[in-house]
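Read-outs throughout are calculated quantities, based only on the coordinates presented, and are distinct from any laboratory measurement. None of these values were measured; they are calculated from a predicted model. Quick reminder, even Gly has a Cβ in these numbers, built from the backbone with ideal geometry, and neighbours come from all protein chains shown.
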Amino acid sequence: MHDMKTSIQARLFALQDLKYKDFQCKLIPTVAPDRVIGVRTPELRKLSKELSKEPETAEFLKRLPHQYYDENNLHGFVIEQIKDYNTAVAAIDAFLPYVDNWATCDLISPKVFQKHRSELLNEIQRWMASDRTYTIRFGVEMLMTHFLDENFAPEHLALVAEIHSEEYYVNMMIAWYFATALAKQWDAVILYIRQNRLDKWVHNKAIQKAVESYRITDWQKTELRTLRVK
């Protein structure tokens with residue numbers, strides 16, 4: 001089945017855009033430039049749709065780790081196409097240990113999760129309890145994606161506030177979660193800010209992101225500015 005791997009790499013190199021590669025490398029400092037092919041996202045999405053209809057693709061999903069960043073992104077987009085919930089979760093679990101940058105992490109959002117939110121919450125808690133940077137980040141992101149609107153419960157905030165990490169890419173996601181939560185669930189979330197329940201860096205970054213947001217009103221921004229921690 002070695003040809004499957006080389007044929008997918010050949011298809012990716014056929015879509016290579018070197019200007020885009022340079023642009024990407026600046027955004028993902030944790031990935032060595034020689035591991036970036038430089039394929040634009042719409043092209044990857046299109047290829048993932050073609051691959052999800054090909055029987056050999058199951059083999060591609062098992063061939064980890066991949067050599068290229070673009071293969072990882074393609075892998076993430078193929079997972080998004082999986083229609084069975086349990087199969088999607090298993091594919092995520094197999095893949096997350098190999099995710100090595102924020103961009104690959106943040107693009108994975110299986111559509112089937114929307115129909116299985118009650119079970120998903122247990123998986124999210126499991127991911128957030130991991131010791132791996134991008135597994136934690138993925139868990140927080142799924143909580144942000146699926147549980148800040150009609151499925152929101154105030155106890156979800158505690159799950160995220162209890163994560164204490166030295167990792168920049170974890171803390172950045174926690175700050176992003178709280179900034180988004182302020183825009184959607186102000187009354188519950190502002191208590192966390194007023195009571196200083198977040199680590200100092202996360203607290204200030206969440207405020208900064210919220211103040212930059214067009215979804216936060218002027219009076220809310222005024223209050224948030226008074227709550228910055230020196």
### Query
Can you give me the relative contact order of the chain as a percent, contacts being Cα pairs under 8 Å and 6 or more apart?
12 percent
### Flagged links, alpha-carbon separation over 31 Å, of K26/K53; K184/K230; K49/K115
K26/K53
### Task
Report the net charge of residues surrounding L15, where surrounding means a beta-carbon distance below 10 angstrom and charges are Lys +1, Arg +1, Asp -1, Glu -1.
0
### Query
Relative contact order, percent, of the range 1-115 when contacts are C-alpha pairs under 8 Å separated by at least 6 residues?
26 percent
### Message
Working only with C-alpha atoms, what are the Rg and Dmax values of the range 163-230, expressed in angstrom?
### Response
10.9, 33
### Task
Estimate the FRET efficiency between E119 and F13 by the formula 1/(1 + (r/R0)^6), using the beta-carbon distance for r and 45 Å for R0, to the nearest 0.05.
0.70
### Query
So what J values fall out for the range 169-186 if you push phi through Karplus, 6.51 cos²θ - 1.76 cosθ + 1.60 with θ = phi - 60°, rounded to Hz, Gly and Pro as x?
6, 7, 4, 4, 5, 4, 4, 5, 4, 5, 5, 5, 5, 4, 6, 9, 9, 3
#### Entry: the range 1-115 - charge dipole about Cα centre, Lys and Arg +1 at Cβ, Asp and Glu -1, debye rounded to 20
280 debye
### Query
Counting only Cα, what are the radius of gyration and maximum Cα-Cα distance Dmax of the range 39-127, in Å?
12.5, 35
### Message
Per-residue counts of other Cβ atoms within 10 Å, averaged by peptide: what ranking do you get for 67-75, 217-225, highest first?
### Response
67-75, 217-225
